[in-house]
Structures are given as C-alpha cells and as structure tokens.
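Let me begin by presenting the structure, written as structure tokens, before commenting on it.
Every number in this text was worked out from the coordinates using simple rules, so none of it is lab data. Small disclaimer: the values here were computed from a predicted structure and weren't measured. Don't worry about glycine lacking a Cβ; one is built from the backbone with ideal geometry, like all the others, and counts go over all protein chains shown.
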Amino acid sequence: MLTSYAFWMIFGFLLIISEFFFTGLIAIFFGIGAIAVGLLTLLGVIDGAPAQLLLFSLISLAALFGSRKHFKRWLKGNVSGGGDDEMAATHIGARVMVITDFQQGAGHVQLNGAKWDAESTEPLRAGQSAWVVGNRGILLIVASNLPG
C-alpha cells in the first residue's frame with residue numbers, strides 16, 4: 001500500500017517530468033506543490049486528505065502565479081527587436097565565412113558563430129570570405145564583394 005507522503009512525492013516528480021514532454025511551464029509548479037505536501041506529510045506537519053489537498057492547491061497556485069513569469073523569462077531569454085527576418089536584415093554589409101561550396105547558387109555561411117543558409121549568383125567555395133548583400137526572410141544573399 002502506498003503511503004500518502006509517497007503518493008505526493010511520486011505525483012510531484014511525475015508532474016515535473018511531464019513538463020519536459022508537454023511544455024507550458026505549468027505542471028512544474030503543481031509538481032513543486034505535490035512534493036512540498038509530501039515532505040510536510042512525511043514530517044507529520046499535516047495529516048488527512050482534506051488538509052493535504054488544500055495545502056497542495058495553495059502552494060501550487062502561489063508558486064504558479066508568483067514565479068511563472070520570472071521562470072518563463074529565464075527559460076526563454078530576453079528577446080529584443082523583431083523576428084528572424086529583421087535579424088537577417090541587420091546583417092547587411094557583414095562579412096561572412098563560406099563553410100560549404102555553393103552548388104546551384106545555394107550554400108552555407110557562418111555569421112557571428114552561427115550557420116546560415118545563403119544564396120549567391122557567384123560560385124563561392126568553402127573557406128572564402130563573402131559579404132551579406134541582402135536577405136529573403138532568414139536566407140542570406142551573399143557576394144564575394146560589396147556592391148558599390
């Protein structure tokens with residue numbers, strides 16, 4: 001037979017683990033509440049199902065509403081500006097390193113340590129330097145020389 005504290009501990013760990021599969025940053029707070037109730041039950045601070053359910057609800061909701069915004073920002077990071085299109089457009093004029101030979105006008109370049117898909121009308125080779133002259137969405141358009 002499963003003791004009440006073991007139930008709460010297992011339930012809490014299952015909720016926390018479920019967050020890895022169904023992200024939304026909600027189940028983890030209910031998992032924290034369940035583990036807290038399990039520990040308090042083990043220590044003899046609370047007893048009986050009604051008190052356990054009430055405390056589970058209060059701890060879980062307090063953790064959810066008190067911390068979710070902070071943790072969501074921490075997990076996702078701070079994003080400024082627009083999306084990937086804007087980011088690609090801000091790199092016009094930047095020097096890139098060609099990391100794969102361009103075949104049929106398409107290849108890959110390295111910009112600020114990240115690999116980008118790129119197009120060029122020139123036959124660029126791996127190891128060459130090139131310049132960003134435009135973009136189409138997050139696809140960079142590169143050339144061996146800057147126009148102008």
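Just a few scattered comments:
- Unit charges on C-beta of K, R, D, E only; dipole of the chain, Debye: 320 debye
- Evaluated at q = 0.20, 0.29 Å⁻¹: base-10 log I(q)/I(0), Debye formula over Cα of the range 84-143: -0.59, -1.28
- In this structure the amide hydrogen of Val133, modeled in the peptide plane, comes within under 5 Å of the amide hydrogens of Gly93, Ile141, Val142, Ala143, none closer than 5 places in sequence on its chain.
- Shape of the chain, Cα gyration tensor, a/c cut at 1.5: prolate
- Residue-by-residue Karplus 3J(HN,Hα) for the range 128-133, coefficients 6.51, -1.76, 1.60, Hz, glycine and proline x: 6, 8, 8, 10, 6, 10
- For the range 92-119 versus the range 4-58, the spacing of their alpha-carbon centroids is 50 Å.
- For the range 26-34, Karplus couplings with θ = phi - 60° (6.51, -1.76, 1.60), whole Hz, Gly/Pro x: 10, 4, 4, 6, 6, x, 4, x, 5
- Taken along its principal axes, the alpha carbon cloud of the range 4-76 reaches lengths of 38, 22, 17 Å, longest axis first.
- Helical runs assigned H by DSSP (4 residues or longer) give the chain a calculated mean residue ellipticity at 222 nm of -14500 deg cm²/dmol, each run adding -39500 (n - 2.57) before division by the residue total.
- Toward the positive end of the charge dipole of the chain, with +1 on the Cβ of Lys and Arg and -1 on the Cβ of Asp and Glu, the farthest Cα among Ile46, Thr90, Ser129 is that of Ile46.
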